[in-house]
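See below for the structure under consideration.
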Amino acid sequence: METNIQHPESLQYAEVYISDMLALKDIFLQSLDSQKVSPDFGIPFLLAKKENKITSFASLIIDEEGKIDFKIYDKKEIKESEKKSFIARVENYFRKNNTPNFRDPRQLKSSINGMINWLNP
């Protein structure tokens with residue numbers, strides 16, 4: 001059996017859960033210097049943690065051409081090497097996932113609208 005050694009400063013990756021949403025909302029609002037969540041928030045699907053604190057997350061969005069893409073939001077203190085590692089992980093996850101939000105733009109748009117309505121009071 002293979003053992004993975006994790007250094008305390010290495011990033012850990014996880015799928016996004018509903019319990020993560022408020023922390024992701026805070027990162028989004030800080031990165032855009034905004035007061036409300038917009039459609040650019042998308043549907044978060046993967047996050048990176050360092051020392052049990054979320055540092056980055058990736059969201060499914062609809063691009064200008066109406067196609068499904070992703071966008072990454074992160075805290076300012078994340079290192080460039082960590083950012084590149086997370087992007088590679090996100091790209092791989094994005095390519096392999098076949099659920100409706102990843103492949104059906106109408107479904108994703110509906111999900112994004114529901115998310116915005118839920119997160120904005």
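The values are calculated or read from the model by the stated rules, or taken from the named source; none is laboratory data. No experiment lies behind these values; they were computed from the predicted model shown. Counting neighbours? That spans all protein chains shown, and the Cβs are built from the backbone with ideal geometry, glycine included. Areas reflect the complete protein model, heavy atoms only, side chains present, ligands, DNA and RNA absent. Shrake-Rupley method; radii C 1.70, N 1.55, O 1.52, S 1.80 Å.
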### 18 Å reach of a label modelled at Lys79, 7 Å along Cα-to-Cβ, counting backbone N of region 13-29
13
#### Entry: For region 12-119, accessible area per residue (1.4 Å probe, heavy atoms of protein chains only), Å²
61 Å²
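Explain nothing, just the number: dipole magnitude of region 43-93 about its Cα centre with +1 on each Lys and Arg Cβ and -1 on each Asp and Glu Cβ, in debye rounded to the nearest 20.
So the dipole magnitude of region 43-93 works out to roughly 340 debye.
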### Task
Determine which lysines satisfy two conditions relative to Lys76: a Cα distance under 18 Å, and not lying fewer than 8 residues away in the same chain.
Lys25, Lys49, Lys50, Lys53, Lys84
### Query
Relative contact order (percent) for region 12-119, with alpha-carbon contacts under 8 angstrom and 6 or more residues of separation?
26 percent
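So how much slack lies between Ser19 and Glu64, counting 0.36 nm per residue of separation and subtracting their Cα-Cα distance, in nm?
On the way: separation 45, 0.36 × 45 = 16.20 nm, distance 2.98 nm.
Full-extension gain reported as 13.2 nm.
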### Query
Given Phe41, Phe94, Asn113, which one lies farthest toward the positive end of the charge dipole of the chain, if we put +1 on the Cβ of every Lys and Arg and -1 on the Cβ of every Asp and Glu?
Asn113
### Task
With only Lys, Arg, Asp and Glu charged, each at its Cβ (+1 for the first two, -1 for the last two), find how big the charge dipole of region 13-100 is about the Cα centre; round to the nearest 20 debye.
300 debye
#### Entry: Reachable aspartates and glutamates, given that their alpha-carbon falls under 17 Å from the alpha-carbon of Lys79 and they are not under 8 places away in the same chain
Glu9, Glu51
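Rounded to a whole number, what % of the accessible area of the chain do carbon and sulfur atoms account for, probe 1.4 Å?
49 percent
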